[in-house]
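The values are calculated or read from the model by the stated rules, or taken from the named source; none is laboratory data. From a predicted model like this one, the values you see are computed outputs, not experimental measurements. A quick note on method: Cβ atoms are made from the backbone with ideal geometry, for glycine too, and the neighbour counts reach across all protein chains shown.
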Amino acid sequence: MELKRISDRLYYLPAEERTDRPVLGYIKGDRYSLAVDAGNSSEHVEKFYSGLRELDLGLPDFTVITHWHWDHTFGMHSVSGTTVAGHLTNSKLSEVQKWEWTDEAMEKRLQSGEDIEKCDRCIRLEYPDMNKIKVVRGEIEFTGVIHIDLGGVHCEIMEFNATHSDDSVLIHVPEERVVFIGDAEGADYYQNRGEYDKAKLKEMIKAFEKLDVNIFVLGHDGPQTKLETMSYLKAQLG
């Protein structure tokens, strides 16, 4: 699967459903480049980097994590450059670092609700050898909002209380009028059984409407127009 082009500066590797591999984004500056999310394994990272090499794009200097879920973070230990995560994401990754990857431990997490069936199934598919799982924290941890100037384009990286996960992070690229939102538009499968918290959804819609962007890049779908994203979210209000 080849990288897709959004603009001269923005690219992404499409999601893959079989093992729940998410979209991996790429932002090309004149001096530095930045990736959005680290994928779910070293193999996923290498597929992404192979696509970058084919287009003569440099490996990322920074990789920003959109939230703690395994499919966005288990490739962190093998990425190029420096990883960046919000403080809530790093806090959760500290917990996941303590997890054991045996059948017994995974079953206990399913029973306790620490993990969910889809993730358990996809982890087993992505990792025939569980010994290859390595969880790390972001090397740069931030709270609130930070800005990274890549040269000719910059990223506004902000913590965001999304319906999908409380530790969500958005990567806004003002010059391109694009925002990478990870899985922020989704429901919460850990704390709310795949249902939307309607109060949180209303607040998220208000925040999204204020963003001066044309395109939303979602974590498990192709890029959408702002109208498409907002229409979907408003429909979830019932």
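Give the range 97-109 a look and list any residue that's surrounded by 13 or more Cβ atoms within 10 Å (Cβ to Cβ) and among the basic types (Lys, Arg), or say none.
So the first thing to find is which residues in the range 97-109 are surrounded by 13 or more Cβ atoms within 10 Å (Cβ to Cβ), and the list is 99, 101, 105-106, 108-109.
Scanning the range 97-109 gives Lys108, Arg109.
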Can you name the residue in the range 196-237 that is aliphatic (A, V, I, L, M) and part of a strand (DSSP E or B) and, of all such residues, is surrounded by the fewest Cβ atoms within 10 Å (Cβ to Cβ)?
Ile215
Hey, does the range 172-195 have a residue that's in a strand (DSSP E or B), modelled with pLDDT under 95 and more than 23 Å from Gly29 (Cα to Cα)?
yes
Cross-chain or 6+ apart pairs with Cβ under 7 Å, the range 100-118 first and among the hydrophobic types (A, V, I, L, M, F, W, C), then surrounded by fewer than 12 Cβ atoms within 10 Å (Cβ to Cβ):
Leu110/Glu117
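From the list Ser33, Ser50, Ser80, Ser94, pick out the single residue that is under 22 Å from Val173 (Cα atoms), surrounded by fewer than 19 Cβ atoms within 10 Å (Cβ to Cβ), modelled with pLDDT of 95 or more and of a type in the set (S, T, N, Q). Break it down into steps so the answer makes sense when it comes.
On the way: Ser33 fails: surrounded by fewer than 19 Cβ atoms within 10 Å (Cβ to Cβ); Ser50 fails: under 22 Å from Val173 (Cα atoms); Ser94 fails: under 22 Å from Val173 (Cα atoms).
Exactly one of Ser33, Ser50, Ser80, Ser94 is under 22 Å from Val173 (Cα atoms), surrounded by fewer than 19 Cβ atoms within 10 Å (Cβ to Cβ), modelled with pLDDT of 95 or more and of a type in the set (S, T, N, Q), namely Ser80.
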Quick check: is even one residue across the range 43-61 of a type in the set (Ser, Thr, Tyr) and within 16 Å of the chain's Cα centre (by Cα)?
no
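What tally of residues in the range 31-76 results from selecting those that are part of a loop (DSSP other than H, G, I, E, B), within 21 Å of Thr89 (Cβ to Cβ) and not aromatic (Phe, Trp, Tyr)? Let's see the steps before the verdict.
Applying the first criterion (part of a loop (DSSP other than H, G, I, E, B)) to the range 31-76 yields 31-32, 37-41, 55-61, 65-69, 74-75.
Retained after the next criterion (residues that are within 21 Å of Thr89 (Cβ to Cβ)): 37-41, 60-61, 65-69, 74-75.
Subsequent filtering for residues that are not aromatic (Phe, Trp, Tyr) retains 37-41, 60-61, 65-67, 69, 75.
So the count comes out to 12.
Part of a helix (DSSP H, G or I), within 17 Å of Glu141 (Cα to Cα) and over 12 Å from the mean Cα position of the chain (by Cα), is that true of Glu95? Steps first, please.
Values: part of a helix (DSSP H, G or I): yes; within 17 Å of Glu141 (Cα to Cα): yes; over 12 Å from the mean Cα position of the chain (by Cα): yes.
Spelling it out, Glu95 is indeed part of a helix (DSSP H, G or I), within 17 Å of Glu141 (Cα to Cα) and over 12 Å from the mean Cα position of the chain (by Cα).
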Just a yes or no: is a residue in the range 132-151 closer than 15 Å to His67 by Cβ and free of Cβ contacts under 8 Å to residues at least 12 places away in the same chain?
no
Quick check on this structure: which one of Asp37, Asp71, Asp20 is within 16 Å of Ile140 (Cα to Cα), within 15 Å of the chain's Cα centre (by Cα) and of a type in the set (Asp, Glu)?
Asp37
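Residues are listed down the side, and each one gets a yes or a no for (1) outside any helix (DSSP H, G or I); (2) at pLDDT below 95; (3) farther than 25 Å from Asn192 by Cα:
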position: Leu88; (1), (2), (3): no, no, no
position: Glu100; (1), (2), (3): yes, no, no
position: Lys108; (1), (2), (3): no, no, no
position: Val136; (1), (2), (3): yes, no, yes
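A quick yes/no check of all residues on (1) in a loop (DSSP other than H, G, I, E, B); (2) of a type in the set (Gly, Ala, Ser); (3) surrounded by 14 or more Cβ atoms within 10 Å (Cβ to Cβ); (4) touching a helix residue (DSSP H, G or I) at 6+ places or on another chain (Cβ under 7 Å):
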position: Gln111; (1), (2), (3), (4): no, no, no, no
position: Ile123; (1), (2), (3), (4): no, no, yes, yes
position: Asn131; (1), (2), (3), (4): no, no, no, no
position: Cys155; (1), (2), (3), (4): no, no, yes, no
position: Met158; (1), (2), (3), (4): no, no, yes, no
position: Ala162; (1), (2), (3), (4): yes, yes, yes, yes
Test for Asn161: is it at pLDDT below 95 and under 15 Å from the mean Cα position of the chain (by Cα)
yes
